[in-house]
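As structure tokens, the structure follows; a few thoughts come after it.
The values are calculated or read from the model by the stated rules, or taken from the named source; none is laboratory data. Treat the numbers as computed from the prediction; the structure is a model and nothing was measured. Here the Cβ positions follow ideal geometry from the backbone for every residue, glycine too, while neighbour counts run over all protein chains shown.
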Amino acid sequence: MGTAPRALPAHSSPRSPREAQAWRGAPRGAPQDKQPGRTPGPAPRQQDGQDITYLRSGLGQQLPGLAQGPTVQPKPLSFTPAPAKSPAALTDRHGPAPAPGTRSGGLGAGPGGPSLGKGPGPGRCPTGTRQHREEEAAASAARRWDGTGRDGRGSRAEEGSGAALPPHPALHFEPRSQPGAKRRGTRWHREGCPQPGPTAAAGSARHRALQLEPNVVRVGRVAAGLCQELRLARPEICRQAVQLFQRDVVAAWARSVLRPAEACGLLLGPRCGHWDIYGAWNVSLPAAPKPPVRPPVPPPPGAPSARVLFLTDLHWDRLYTPGSDAACPDPLCCRGAARPGPGGAGFWGEYSKCDLPLHTIAGLLAQLRHAGPFAAAYWTGDIPAHNVWQQRREDQLLALRTVTALLRQHLGTLPVYPAVGNHEATPVNAFPPPYVHGNQSSAWLYDAMAEAWKDWLPPPALETLRAAGFYTVQVWPGLRLVSLNMNFCSQANFWLLINSTDPAGQLQWLVGVLEAAEQQGEKVHIIGHIPPAHCLRSWSWNYYRIVNRFEGTIAAQFFGHTHVDEFEMFYDEETLTRPVSVAFVAPSVTTYINLNPGYRVYEVDGAYNGSSHAVLDHETFILNLTEANVPGAEPRWQRLYRAREAYGMASAFPADWDLLIRRFQDDERLFQRFWYHFHKGHPPREPCLEACKAALLCALRTGRSADPSLCRVLRPARPFRQILQLWRQRQLC
């Protein structure tokens, strides 16, 4: 079914995540053993060297953030990790784990990273080009990172032996020279085995902490130097960012199997190294057959509808200053002292690398009383600003409580259903699974969210929110909401380096919720922050399978994160031609980068017996900053467009959005209208011509990552590799 994994040299150690976690003694994720009454689906097909994640418009960066009804009883949720197994025992219902000396498929399926076709070498650029010079600089950086003078891609085997390191749980990363450690440069050190008893356990913990500290200091020093050498940011920002990230990253790295060059890529980006070590895994679907598919139909005349307010990516910058520098060299501008004369940041926001002042967010919420009524509000996260290099936990909690209070003040008794964004944590994107305890866990954040949102969510929802940041709740009779923690699918969440197999058991939990809803005749809305096509391959493919299985139960999907106005299609897995669902990706409230502030309102089939609860239409509203920032002008939030009216759609079902993509191919005027809406009425100066259009249409058809087959029906056909190159240039959030 898939491309065979590429083989590493004979001296390399096993590199699949399942072997790695047993080899290092790391906790496993959701149990993968066969469950009674459930049948597995096919494992995701591996497409080495291909990843549609970069095709999306919002490339993640570590450095540029109604009444409760009957309780559904899904499969009990357990966060207890299964015991580690030896590599020989790592088999499940999908067959044995990859043999030692192989690496699971994925972007970096070979030791040198992804192969992008013929040329000077795997993933290399022709000599003499600017990109080649950057790659050589990154390779040199990786050699210094490794400490060996080599390229950092050496094996973890003991040199000269050809054998893998022993599967000893006390194996510990140690950068300094140690007697008996045969690997040169970045070395591995075997700790002594303590005697049983609390004193020995405490001594072992102190031993590990003392050894981790010099690792953190050394890695931080090297990372700060590389950040400056690669000119990723000003030296001060490089130092601040590394100081913020280094302890958590090294802690995750020490429990993973990253090579030095991969760790460099994790910290500093693809110019320094590549770090995709994830393999395939499957969730279990119900053994009960899928109910017969019933095509959606419009509601009967006179049927009630409901308007749902959708807010995402507010990104409040408490240091935003009108009149300040809007064109600074930093990742976030419009901060600091106001500058005399024209050209500074506008009062309500600015077309630049800027987030929003609180008075703009308050103005949006205040005018909603004239835009309602609303039946509910969905709020999919990203509350703090993009100054990710200097955020503390106190800053994140202040943002959470301030904006939550603002919503409660202006929305009153309106039910609000939040989801966790990637910027809520600090370091940004750092969401350890529940088996990480202590000060490095996410308990500080989830507990604060549960306290802030306790008036909106019932106790069962607060319980799973505190445990892992996701929950389910009944919105009104017949409609259930699932709020997913999409950080457990994120490529930027470095804690998943330890184990990326269904983190927190979230997808298996989702299957249980949907199965119970199917049995009770409920429809389900799914909300989350990061759209599914931006997720890690296996997570994305498993989610795609779940949507296919429960297409009759999932009425709609709503996401944010990219800051732009788009959508992602889901097709039947058998033919990839029949539309089964659409994930709506709403535009951001923030202006970051070069956008108008905006928000979305969805019209859905209302609460009545037999309602589909599907999206019937949607409206997008913006604040035109050019008009609002004129001295003496009053801010005027206005409707930018209504989807069915703007695109001439008969309805807003999945088949209509699929048809719209095909119409975009032949109707250039219609596509340019979409391009204008895509950027909330403030498109870039560069027009979206043939290549850009091909890449964007491919993105719209792609509800799962790493599947170029979804775009083969588009005209004109373009190599998937070229599409990836086009979308690597986009950096919106």
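Per the listing L696, L732, L714, the residue uniquely buried (at least 17 other Cβ atoms within 10 Å of the Cβ), modelled with pLDDT under 90 and assigned by TED's automatic domain parsing to the domain that holds T577 is L714. Given (1) buried (at least 20 other Cβ atoms within 10 Å of the Cβ); (2) basic (K, R); (3) assigned to a helix (DSSP H, G or I), where does K353 come up short, assuming only one miss? Result: K353 fails condition (3) only.
Inside the range 309-341, residues that are outside any loop (DSSP other than H, G, I, E, B) and touching a Gly at 6+ places or on another chain (Cβ under 9 Å) make up a count of 4.
Applying a threshold of 6 Å to beta carbon distances and a minimum spacing of six or more residues, or different chains, the list of pairs starting in the range 701-719 at a residue that is under 18 Å from Q665 (Cα atoms) and ending at one that is surrounded by 11 or more Cβ atoms within 10 Å (Cβ to Cβ) and of a type in the set (K, R) reads L710/R701; C711/R701. Taken over the range 279-308, residues that are polar (S, T, N, Q) and either under 18 Å from A517 (Cβ atoms) or in a loop (DSSP other than H, G, I, E, B) (or both) amount to 2. When the residues of the range 503-524 are narrowed to those that are among the acidic types (D, E) and assigned to a helix (DSSP H, G or I), which ends up farthest from N485 (Cα to Cα)? Among residues in the range 503-524 that are among the acidic types (D, E) and assigned to a helix (DSSP H, G or I), the one farthest from N485 (Cα to Cα) is E518. If the condition is being charged (D, E, K, R) and at pLDDT below 95, then the range 622-635 contributes only E634.
Being touching a helix residue (DSSP H, G or I) at 6+ places or on another chain (Cβ under 8 Å) and closer than 21 Å to H525 by Cβ holds for only one residue in P579, P597, P587, and it is P579.
Would you confirm whether any residue within the range 533-547 is within 20 Å of A461 (Cβ to Cβ), assigned by TED's automatic domain parsing to the domain that holds L314, surrounded by 24 or more Cβ atoms within 10 Å (Cβ to Cβ) and in contact with a Phe, Trp or Tyr (Cβ under 8 Å, 6 or more places away or on another chain)? Taking every residue of the range 533-547 in turn, none turns out to be within 20 Å of A461 (Cβ to Cβ), assigned by TED's automatic domain parsing to the domain that holds L314, surrounded by 24 or more Cβ atoms within 10 Å (Cβ to Cβ) and in contact with a Phe, Trp or Tyr (Cβ under 8 Å, 6 or more places away or on another chain). Listed conditions (1) buried (at least 22 other Cβ atoms within 10 Å of the Cβ); (2) among the hydrophobic types (A, V, I, L, M, F, W, C); (3) under 23 Å from V585 (Cα atoms) are all met by F374, apart from (1).
Take R685 and tell me if it is in contact with a helix residue (DSSP H, G or I) (Cβ under 9 Å, 6 or more places away or on another chain) and either within 22 Å of L576 (Cβ to Cβ) or modelled with pLDDT of 90 or more (or both). No; evaluated as a whole, the condition is false for this residue. Sub-7 Å Cβ pairs linking a first residue in the range 652-674 that is within 20 Å of L640 (Cβ to Cβ) to a second residue that is hydroxyl-bearing (S, T, Y), at least 6 apart or interchain, are L660/Y647; L670/Y647, ordered by first then second residue. Taking the range 696-723 as the range and being closer than 17 Å to N542 by Cβ and outside any loop (DSSP other than H, G, I, E, B) as the test, only L710 passes.
Conditions (1) under 13 Å from D382 (Cα atoms); (2) of a type outside the set (A, V, I, L, M, F, W, C); (3) buried (at least 23 other Cβ atoms within 10 Å of the Cβ), marked per residue:
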residue	(1), (2), (3)
L406	no, no, no
H410	no, yes, no
P415	no, yes, no
G421	yes, yes, yes
F431	no, no, yes
Y435	no, yes, no
G438	no, yes, no
S442	no, yes, yes
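Applying the condition of being in a loop (DSSP other than H, G, I, E, B) and modelled with pLDDT of 95 or more to the range 526-544 and asking which residue is nearest to the chain's Cα centre (by Cα) yields I530.
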